[in-house]
Ligand SMILES: Nc1ncnc2c1ncn2[C@@H]1O[C@H](COP(=O)(O)OP(=O)(O)OP(=O)(O)O)[C@@H](O)[C@H]1O
Ligand SMILES: [Mg+2]
């Protein structure tokens, strides 16, 4: 037996107009975690897709060697039989099925030929607990009976991980598994991966969170423009070097903080509450009082499940339950019943769940960017193609969307570049108040920097920005003021000069 479970030799893969991988060499040593890092569009997911069989033998060039044997996989199923499991970047769950049904989607436990629901629920509870999750819904946990569509994106990710671990796996591929998780959940997950490694499992781990990579990886490979530029043992790597290898230049200051000048009050919530749609006698959000000003970035910090997303989705008019209490925009009471009402008042939300609210994957980059504000590019209901083209091209350039062209379908962009299209789309309708929910999730360090710069420019032009983020560094690096949420309430408000990681963490766990 070789000491490498996987050896990829000279892998090349092309899409129309794009060389996604060129001559990539990549080995995974048995029982280790091999991290794969690189900018958006560098080819990470493509490489994972070759390994997991999404791209069959013949659709790429090069050699795929598993356990010392050359493989010519034609079907994902055959790859799975060899003990390779993949958790893809885009979640793959059936929203209408329960957590347990999703975990056992392919092989449900049966009894006398019928699905044995009790066994399925028990076994689901076991895998969820094995990966360190609380399964008591009364204590904020995930119940195996819960419908997956009801779960937030962080919890969906956990279910996805549980699903991969129900089979016998020797090589686990994880494409940005922690992108939606908060600090404590990341710790749990990394603990689980470390445990699996001790049991001899090998893993490929993709992440844009470089601190995490430095904590968990044994080896690190940097991809740039489809090429493997360097592989090093973790001991011989540091974050700065990694960034430099990724972006091909030095990037010292990750947060372009500039002084902001607070203007008038833009959005105010007074005693704002939202009922729990599943238990209308309870409140998900309770008595929130909050002010957001023009020319300011207000950070919203809190743990997964603290109600941040629900609060602002309700304010935007897109939550299943309408909020109670006062919403004031520019001093006037605003009755927002649906997203249209919010958009009419210049309020937009850029969501963490890009598939749900953000993008139409089968439309082009151009169509997606202009979708929310067709008025701007049309006169008398006729779309002016020249204008639409110009706007789309401007945005592609300004926020550096890596795409062969503006006619490319969004489905064919890398994950991070899809997220950039979401942002372009929101900016297109000239918003005055922007709620960003995890704005840089899955976005590489270089592009993050570009997005922060755009935020600064918007604030400079008098826009009010509310930024929900689980990344403490981002909150501390970009906000002017921070509120913390826990259990559906605001538990603290801090000027950035008085905020620190410890202070925010403490305020985020009040009442839990
Ligand atoms: N199905 C496809 N059709 C056409 N082009 C594709 C397809 N899948 C990926 N690409 C292109 O291949 C390149 C590599 O994409 P890939 O998804 O591997 O990047 P990535 O490193 O995973 O980026 P991210 O960090 O944004 O997820 C990109 O330019 C992307 O647009
Ligand atoms: Mg990817």
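The values are calculated or read from the model by the stated rules, or taken from the named source; none is laboratory data. The structure displayed is predicted, hence computed values, not measured ones. Here the Cβ positions follow ideal geometry from the backbone for every residue, glycine too, while neighbour counts run over all protein chains shown.
Here are a few things to note about the model shown:
- Residue in the stretch 56-68 that is in contact (Cβ under 8 Å) with a residue 60 or more places away in the chain and part of a helix (DSSP H, G or I) present: no
- For residue 197: the one exception among (1) within 20 Å of the chain's Cα centre (by Cα); (2) touching a residue at least 24 places away in the same chain (Cβ under 8 Å); (3) away from ligand 1 (no atom under 16 Å from the Cβ); (4) in a helix (DSSP H, G or I): (1)
- The selection criterion, being in contact with a helix residue (DSSP H, G or I) (Cβ under 9 Å, 6 or more places away or on another chain), over 19 Å from residue 195 (Cβ atoms) and not in a loop (DSSP other than H, G, I, E, B), holds for residue 120.
- Across the stretch 164-174, the number of residues qualifying as over 19 Å from residue 103 (Cβ atoms) and within 16 Å of ligand 2 (Cβ to nearest atom) comes to 0.
- Screening the stretch 123-133 for residues that are touching a residue at least 24 places away in the same chain (Cβ under 8 Å) and in a helix (DSSP H, G or I) and picking the one that is nearest to residue 166 (Cα to Cα) gives 127.
- Among the strands (runs of 3 or more DSSP E) confined to the stretch 260-353, the ones with at least 2 residues that are in contact (Cβ under 8 Å) with a residue 40 or more places away in the chain, in contact with a helix residue (DSSP H, G or I) (Cβ under 9 Å, 6 or more places away or on another chain) and over 22 Å from residue 484 (Cβ atoms) are located at 347-350.
- Candidate set from the stretch 237-251 (those that are outside any helix (DSSP H, G or I) and either within 21 Å of the chain's Cα centre (by Cα) or modelled with pLDDT of 85 or more (or both)); member that is surrounded by the most Cβ atoms within 10 Å (Cβ to Cβ): 237
- For the stretch 417-432, the count of residues that are outside any helix (DSSP H, G or I), more than 16 Å from ligand 2 (Cβ to nearest atom), within 20 Å of residue 473 (Cα to Cα) and in contact with a helix residue (DSSP H, G or I) (Cβ under 6 Å, 6 or more places away or on another chain) is zero.
- Within the stretch 28-43, the presence of at least one residue that is within 10 Å of ligand 2 (Cβ to nearest atom), assigned by TED's automatic domain parsing to the domain that holds residue 179, buried (at least 24 other Cβ atoms within 10 Å of the Cβ) and assigned to a strand (DSSP E or B) is confirmed.
- Of all residues in the stretch 170-193 being without any contact (Cβ under 8 Å) to a residue 40 or more places away in the chain and in a helix (DSSP H, G or I), the one that is farthest from ligand 1 (Cβ to nearest atom): 187
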